[in-house]
Amino acid sequence: MKKEGLELITRKWWFLVLFILLGMITPPIVTKGFNLSKTGETISYILRNSLIRFCSPLYPIFKVIPIILVFALILFENRVGRIFSLYAGITYILFAFLQNIAITDKYGLGIVTGNFIPMILVAIFWFWEAFVNKNDFTPQKLPIIRYWVVPLAFLAFWYPVNLKTMKPDFNLVYLFTNPAGLAFCTMTPVYLGILTLYYPKVNIATIRVTGLLGIIIGFWNIVVNFFIKPDILWWNGVLHLPLVFISIYAFILSFKSFQQKGEKL
């Protein structure tokens, strides 16, 4: 059975390798003070001082909108499918700019291109989905085990942590006030979790590419949180496990669809 171009391309080994290498070998862009031997330090500094820290007035807006969209999908199904995909695309653009760009005295304008470019590509896939409208949000009967993504996605979206101490803080007000709605690592489990609940009637290329980037960024977060600064960031690492687990699950599902139809990977 003939597949659409993007679904075929995104399952090719060379596409997967190129996508992974894009994030690994693309150096950051800075307007001053760049030292190739300190690339990791530069990237870390840009991420810690990114533009998202100036967006606190927007945090509640980007927490409320996803909640409304989730309930809208449940109530109105495909009538809001394009809106959901369009919103996801817009937020991936915001993730790229707000989390991976910083303007500082130390480096001037800094861009973590290894994150920025892949996030823009993922945004394009979501905009493409909003155009072709392949996702089908009609409810289907699922085995209860398929709902394991729900509590993990909820935990990621809640992001119950005190941002000053980075210690656990299960204050319910964080459901509406923290920056999780504008962050790749906390919203990607939500988007992918939703798609897995409607799989296989979803845009396979979009879920695959989003899942792949989730795995890549989730991996680096696990390394930093659990192995480099575990004394400070261990709880942040725990809160990134939904990104890792759901991204791996979604990525595997995106290939399973072909296997079920007897096609070669």
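The values are calculated or read from the model by the stated rules, or taken from the named source; none is laboratory data. Just so you know, these numbers come straight off a predicted model, no measurement behind them. Here the Cβ is made from the backbone with ideal geometry for all residues, glycine too, and neighbour counts use every protein chain on show.
Would you check if F95 is over 18 Å from the mean Cα position of the chain (by Cα), within 27 Å of L175 (Cβ to Cβ) and not in a strand (DSSP E or B)?
no
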In contact (Cβ under 8 Å) with a residue 12 or more places away in the chain, out of contact with any helix residue (DSSP H, G or I) (no Cβ under 8 Å at 6 or more places or on another chain) and of a type in the set (F, W, Y): which single residue out of Y59, Y92, Y45, Y107 fits that description? Y45
Selected residue (only one of G23, G81, G89 is surrounded by 17 or more Cβ atoms within 10 Å (Cβ to Cβ), modelled with pLDDT under 90, out of contact with any strand residue (DSSP E or B) (no Cβ under 9 Å at 6 or more places or on another chain) and not hydrophobic (A, V, I, L, M, F, W, C)): G23
For segment 144-164, what are the residues that are among the basic types (K, R) and within 23 Å of W234 (Cβ to Cβ)? K164
Single residue of L175, L195, L142, L213 found to be of a type outside the set (S, T, Y), touching a Pro at 6+ places or on another chain (Cβ under 7 Å) and touching a residue at least 40 places away in the same chain (Cβ under 8 Å): L213
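This table checks each residue for (1) modelled with pLDDT under 95; (2) in contact with a Cys (Cβ under 7 Å, 6 or more places away or on another chain); (3) part of a helix (DSSP H, G or I); (4) among the basic types (K, R).
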{"residue": "L212", "(1), (2), (3), (4)": "no, no, yes, no"}
{"residue": "I217", "(1), (2), (3), (4)": "no, yes, yes, no"}
{"residue": "F226", "(1), (2), (3), (4)": "no, no, yes, no"}
{"residue": "S247", "(1), (2), (3), (4)": "no, no, yes, no"}
{"residue": "K264", "(1), (2), (3), (4)": "yes, no, no, yes"}
By residue number, the members of segment 94-123 that are within 14 Å of R53 (Cβ to Cβ) and either touching a strand residue (DSSP E or B) at 6+ places or on another chain (Cβ under 8 Å) or at pLDDT below 95 (or both) are N100, I101, A102, I103, T104, G110
